[in-house]
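To start, the structure under review is shown below, and the notes come after it.
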Amino acid sequence: MLTEPTLTNRHEDGRDVPLLVWRADRPLLAVSSAPLGGGIGVRNWVVNATVPMSYHRDDPAEHLAELAGQLGLDGPGVGLLTGVDVADVVARTDTGVRVWATVGLGTPLQAAESAPVESAPVEPASVEPASVEPAESGTRVGTVNIVIQVPARLGDAALVNAVATATEAKVQAIRDLGLAATGTPTDAVTVLCPVDGAPAAYGGPRSTWGAPLARAVHAAVLAGGPGLVVPWSQRHSA
């Protein structure tokens, strides 16, 4: 299964920038919305990397692959990016389900907000890289990255269901924090489980593994969400 995350850093643009690394002692099945290693497949590691609010690369998957190479990580993995200082990761466990969350709620929004009256179509090239807050002067960090490990094999449908359950639990925590929001524009979630074993068919909030997953995600986001989260790059500006 996954190790506890290791906090390390890389030297980039003249600064030592933090990142978290999880290594699997054997390959795990994963579902993820991450820019690197997204979708469903077998993964060997997870990286959650802090980036400055001035982040402007339009190739986040390639950037994360470069970081994985620098760390000596082999095989396919999952890579996440955030403006949050990943040293502030919050961990929670419930009935064998382990959750780690880096929580930035500086840009809360409702998923189904009304579109601007005269908004122009968004060109693909102008879309912000997944899990990175747009670099605007004075903008607070606004990304919630969640990594989840379930100790039993989930079927493909149950993996997808687990992502929905994690998202519902995140929204519940955000509402409990007093925000009329469902998340931020750049949130990402990753669920990992063993490759072997009889696959569980369900991952909903009342299923064997979905219920503890929901409780652990709710607890992690609730613990990590209160107060102002200052972007790492503003904390460590020269």
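The values are calculated or read from the model by the stated rules, or taken from the named source; none is laboratory data. Keep in mind that this is a model prediction, so the values were computed, not measured. Positions of Cβ are generated from backbone atoms using ideal geometry, with glycine treated the same way; all protein chains shown enter the neighbour counts. Heavy atoms of the whole protein, side chains included, go into the accessibility calculation; ligands, DNA and RNA do not. Shrake-Rupley method; radii C 1.70, N 1.55, O 1.52, S 1.80 Å.
Couple of notes before you dig in:
- Annotation note: Cβ proximity below 7 Å between a residue of the range 63-78 that is more than 18 Å from V17 (Cβ to Cβ) and a residue that is modelled with pLDDT of 95 or more and open to solvent by 50 Å² or more (accessible area, probe 1.4 Å) (sequence gap 6+ or interchain) occurs for P76/V42.
- Residue check: S237 meets all listed conditions (1) at pLDDT 95 or above; (2) surrounded by fewer than 18 Cβ atoms within 10 Å (Cβ to Cβ); (3) hydroxyl-bearing (S, T, Y); (4) over 19 Å from V31 (Cβ atoms) but one, namely (1).
- Hits in the range 143-172 - residues which are open to solvent by 50 Å² or more (accessible area, probe 1.4 Å), under 24 Å from R23 (Cα atoms) and of a type in the set (A, V, I, L, M, F, W, C): V160
- Within the range 1-11, restricting attention to residues that are assigned to a strand (DSSP E or B) and out of contact with any helix residue (DSSP H, G or I) (no Cβ under 9 Å at 6 or more places or on another chain), the residue that is most open to solvent (accessible area, probe 1.4 Å) is H11.
- Inter-residue pairs, beta-carbon under 6 Å, first without any contact (Cβ under 8 Å) to a residue 12 or more places away in the chain and in the range 153-177, second surrounded by fewer than 22 Cβ atoms within 10 Å (Cβ to Cβ) and not in a helix (DSSP H, G or I), 6+ apart: none
- Pick from the range 205-234, criterion modelled with pLDDT of 95 or more and open to solvent by less than 10 Å² (accessible area, probe 1.4 Å), ranking: farthest from R153 (Cα to Cα): V221
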